[in-house]
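**Q** Here you go, one structure.
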Amino acid sequence: MAHYTIAWLPGDGVGKDVLDAVRIVLDALRLDAEYVPGDVGWEFWCREGDPLPARTIELMKNTDCAMFGAITSKPKTIADKELAPELRNKGYVYRSPIVRMRQLFELYICKRPCKAYPGNPLNFKEGIDFVIFRENTEDLYSGIEYDRIPPEMLKIRGMEKVSPDAAISVKVNTPKGCERIIRAAFEFARGNQRKKVTCVHKANVVRASDGLFLEIFHTIAAEYNDIEPDEANIDSLCQWLLKKPFNYDVLVAPNLYGDIISDLCAQMTGGLGFGASGNIGEHYGVFEPTHGSAPKYTGMYKVNPIATILAGRMMLEWLGETGSADRLEQAVARVIKQGTVKTYDMGGKDSTLDMAHAIAEKL
Ligand code: IPM
Ligand code: MG
């Protein structure tokens with residue numbers, strides 16, 4: 001087994017609780033790794049004007065991958081007020097650290113498996129098993145935004161109709177960005193005996209950017225004769241996912257639609273306590289639960305760590321530790337099926353760490 005160096009980034013709120021749980025299972029698996037803690041989160045915004053300090057980015061560059069807990073993001077008005085007085089009005093702008101990590105390290109795949117583990121009373125339906133491939137670096141997450149339209153932009157065709165005091169956010173879909181996520185979805189489908197890839201879009205209205213995504217989808221789909229190409233408008237998909245969940249296998253979506261369906265799909269397979277994410281690029285990966293920082297539960301060791309433990313499983317898989325990854329998934333599945341250890345979301349009273357120990361015992 002190789003030796004790994006893993007950036008350990010708990011972040012805010014329950015981030016530390018759930019990462020502590022992951023350490024219990026990774027230690028039980030005897031993963032040969034050094035875990036290097038890094039600063040990220042709201043307190044670093046307030047104190048330093050940067051929730052993802054440069055030293056943390058450096059640390060990440062010197063590690064194989066990162067485990068990330070959760071982050072508290074607040075709207076601009078609150079963020080500006082909580083910034084240290086000496087840093088105010090100096091041009092500091094809050095940007096979500098996880099979004100920055102995805103862009104800085106070109107983690108263009110956000111892979112989110114949505115699997116209803118048998119026996120979970122929270123499953124919407126037994127047997128649901130699909131995987132979301134969310135584009136992770138562009139689209140409405142481009143960060144190109146204006147509180148008021150810059151005057152030079154008003155000269156562009158069509159903009160004369162827009163009131164100058166409008167706020168605008170630019171949705172950017174590049175051919176390269178579309179192609180790499182769509183190809184990743186088809187490659188995954190082919191390598192994992194999946195039959196169908198559904199392209200999620202709104203190309204009937206958002207004709208330029210989503211139109212490009214859809215066009216590239218069909219071009220790439222033509223190279224994969226063994227996989228059925230399918231497409232759905234984001235709105236209609238939300239209805240069909242609930243009506244016919246077994247019609248879906250692999251879903252590929254631009255960033256924002258992928259974000260939205262992630263929570264819907266997590267809820268169909270047990271809720272946010274079960275939703276794991278892998279942010280994956282060519283050279284680096286950041287693994288995290290899909291849920292947020294749940295500030296009111298900070299340090300109470302109450303939340304369900306399964307989402308983060310399954311993110312740990314994805315990390316093991318990405319590192320090539322497939323044996324450990326499989327053992328971990330089977331242990332999670334056994335604990336869920338047995339139903340004796342349950343966190344509050346599952347209707348039980350067991351703690352975050354009780355759940356981690358129960359999983360570790362089944363390894
Ligand atoms: C997610 C989260 C993030 C996102 C937030 C925390 C910035 O909702 O990973 O789904 O919008 O991508
Ligand atoms: Mg989200």
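**Q** Working out 0.36 nm times the residue gap between ALA54 and LEU363, then minus their Cα-Cα distance, what length gain in nm do you get to one decimal?
**A** That pair, ALA54 and LEU363, stretches by 107.5 nm at full extension.
**Q** Roughly how many whole Å is it from the C-alpha centroid of segment 261-281 to that of segment 13-56?
**A** 20 Å
**Q** Under a point-charge model restricted to the Cβ atoms of Lys and Arg (+1) and Asp and Glu (-1), what is the dipole moment magnitude of segment 1-120 relative to its Cα centre, in debye to the nearest 20? Intermediate results must be reported in sequence, preceding the final value.
**A** Values: 17 positive and 16 negative charges, 109 e Å.
Roughly 520 debye, rounded to the nearest 20.
**Q** Based on the mean of other beta carbon atoms within 10 Å per residue, what is the order of 17-26, 46-55, most packed first?
**A** Result, highest mean first: 17-26, 46-55.
**Q** Right, another one. What's the ranking of 100-108, 159-167 by average number of surrounding C-beta atoms within 10 Å, highest first? Mind showing how you got there, number by number?
**A** Numbers: 100-108: 20.0, 159-167: 9.9.
Ranking, from highest mean packing down: 100-108, 159-167.
**Q** Please report Rg (one decimal) and Dmax (integer) in Å for the Cα set of the chain.
**A** Taking only Cα atoms of the chain, I get Rg and Dmax of 20.9, 65 Å.
**Q** Also: Starting from the Kirkwood radius over alpha-carbon pairs of segment 262-310, derive D by Stokes-Einstein at 20 °C in a medium of 1.002 mPa s and give it in µm² s⁻¹.
**A** Diffusion coefficient, whole number: 184 µm²/s.
**Q** If you don't mind, another one. Quick one: net charge around GLY177, please, counting Lys, Arg +1 and Asp, Glu -1 for every other residue with C-beta under 9 Å from its C-beta.
**A** -2
**Q** Moving to a separate point now. Between TYR224 and THR174, what FRET efficiency comes out of the Förster formula 1/(1 + (r/R0)^6) with R0 = 22 Å and r the beta carbon distance, rounded to 0.05? Write down the numbers at each step before the final one.
**A** On the way: r = 22 Å, r/R0 = 0.98.
Efficiency, from the Cβ-Cβ distance: 0.55.
**Q** Return the distance in nm (one decimal) between the two label points of a simple spin-label model at GLU86 and GLU152, each offset 7 Å from Cα along Cα→Cβ.
**A** Modelled inter-label distance: 3.6 nm.
**Q** Hey, in the chain, which Cys have no second cysteine's beta-carbon closer than 4.7 Å?
**A** When partners are defined as cysteine Cβ atoms under 4.7 Å apart, the chain leaves CYS46, CYS65, CYS110, CYS178, CYS199, CYS238 without one.
**Q** Let me ask something additional. Taking only DSSP H segments of four or more residues, each worth -39500 (n - 2.57), what value at 222 nm results for the chain once the sum is divided by all its residues, to the nearest 500 deg cm²/dmol?
**A** -12000 deg cm²/dmol
**Q** In whole percent, and with a 1.4 Å probe on the protein chains, what portion of the accessible area of the chain is carbon and sulfur?
**A** Whole-percent figure for carbon plus sulfur exposure: 53.
**Q** Taking the alpha-carbon centroid of each part, what is the distance from segment 162-235 to segment 302-363 in angstrom?
**A** 32 Å
**Q** Rank by packing, highest mean first: peptides 175-186, 217-228, with packing defined as the count of other Cβ atoms within 10 Å averaged across residues.
**A** 175-186, 217-228
**Q** Here's something else I'd like to know. Taking a ≥ b ≥ c as the square roots of the Cα gyration tensor eigenvalues, with a/c under 1.5 meaning rounded and otherwise prolate when a/b beats b/c, else oblate, which class fits segment 1-144?
**A** Prolate shape, in that a/c is at least 1.5 and a/b is the bigger ratio.
**Q** Ok, one more. Rg and Dmax of segment 173-268, using alpha carbons, in Å: what are they?
**A** 12.6, 34
The values are calculated or read from the model by the stated rules, or taken from the named source; none is laboratory data. Values in this document were obtained by computation on a predicted structure and should not be read as measured data. FYI the Cβ positions are ideal-geometry reconstructions off the backbone, even for glycines, and counts take in every protein chain you see. Side chains included, ligands, DNA and RNA excluded: accessible areas come from the protein's heavy atoms. Shrake-Rupley method; radii C 1.70, N 1.55, O 1.52, S 1.80 Å.
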